[in-house]
Amino acid sequence: MMFANSTDGYREWRAAKLDNYPKSATELLTEIDGLRDMSGSQKEAILASCRRANMAIYSCRDAFVERKAVRNFAGFFGLTQIDHHLCANDDGVSELAVAADGVRGDYVPYSCRSLSWHTDGYYNDKSRRLQAVLLHCAADAAKGGRNAVLDPEIAYLCLRDANPDYIAAFEHPECMEIPANNGVDGEIRPAVTGPVFWYDPASGALRMRYSARKKNIRWRNDAATTAARECLSELLGDEDGLVLRFRLKPGQGLISNNVLHNRTAFEDTSEQKRLLYRARFFDSILRR
Ligand SMILES: [Fe+2]
């Protein structure tokens with residue numbers, strides 16, 4: 001998205017964005033042959049969904065997918081700069097499943113608990129901001145494990161509709177601070193301060209970092225920031241709003257420009273254990 005400076009340009013962009021935005025997660029879905037073999041029209045359908053909503057859900061005809069195919073698939077969409085973080089395998093792809101012990105056992109993503117609204121890597125500093133995430137479902141849980149998502153561009157326009165001051169508050173460079181050593185996903189790091197919304201210098205695209213976690217986040221203490229946060233929580237909690245909900249089945253995945261998302265709690269059984277492959281990137285999905 002490129003925001004035109006003129007009010008008219010913004011109004012046009014806003015109207016088109018709302019018009020094209022999917023009404024349900026089914027509209028995000030594209031069936032593909034597989035992660036390694038995808039036709040030109042299947043790839044185009046995924047890209048078209050990403051242009052509409054900054055995300056797409058794909059469904060492979062064959063549910064069995066090798067982990068190493070995930071990274072290859074991401075490459076078709078221009079995602080090559082993978083984040084090798086502490087809990088990832090050598091290829092940079094993490095396996096999200098319930099971990100009983102080890103470093104992963106300390107973190108909520110590797111448990112069966114629910115995850116509140118966030119963008120991935122909100123705790124990363126400016127030099128390591130994650131722009132895209134691929135989540136591939138290798139096995140679903142016996143029960144639960146639903147996701148909800150919202151395109152940051154939709155969050156932006158709803159906040160701007162409510163009050164343009166909310167945008168200014170969320171663009172403030174000291175809006176949101178993550179204190180030092182706030183290990184959320186396997187990394188120990190210094191304090192990180194930054195805005196909720198900013199713009200990619202090369203493309204002008206809107207970017208967002210956010211976490212609804214109450215603990216370990218220091219928000220700028222002013223009325224506009226507080227009101228903007230409340231407005232965003234209402235938007236994310238609105239059952240009849242623009243939030244899209246789905247539950248990934250084996251062979252399905254979500255490819256996104258790091259959209260807002262959450263996860264409900266889930267239950268594994270000895271026969272059925274949830275396993276998601278996750279790859280995160282410093283580049284964003286090609287818009288072409
Ligand atoms: Fe996440």
For the structure I just gave you, tell me whether Arg207 is within 29 Å of Thr30 (Cα to Cα) and surrounded by 17 or more Cβ atoms within 10 Å (Cβ to Cβ). yes
Between a first residue in region 109-130 that is under 17 Å from Asn181 (Cα atoms) and a second residue that is assigned to a helix (DSSP H, G or I) and more than 12 Å from the ligand (Cβ to nearest atom), which pairs have beta carbons less than 8 Å apart while being 6 or more apart in sequence or on different chains? Gly121/Arg128
Filtered residues of region 105-124 (kept if more than 9 Å from the ligand (Cβ to nearest atom), of a type in the set (Gly, Ala, Ser) and either within 14 Å of Leu276 (Cβ to Cβ) or buried (at least 21 other Cβ atoms within 10 Å of the Cβ) (or both)): Ser111
Could you grab me the full set of residues in region 201-217 that are more than 18 Å from Asn181 (Cα to Cα) and not in a loop (DSSP other than H, G, I, E, B)? Leu206, Arg207, Met208
In the set Asn20, Asn54, Asn89, which member is of a type in the set (S, T, N, Q) and within 22 Å of Pro109 (Cα to Cα)? Asn89
Can you find a residue in region 70-91 that is within 16 Å of the ligand (Cβ to nearest atom), among the charged types (D, E, K, R) and either at pLDDT 95 or above or at positive phi (or both)? no
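The values are calculated or read from the model by the stated rules, or taken from the named source; none is laboratory data. Source: prediction; values computed, not measured. Cβ coordinates were reconstructed from backbone atoms using ideal geometry, including for glycine residues, and neighbour counts include every protein chain displayed.
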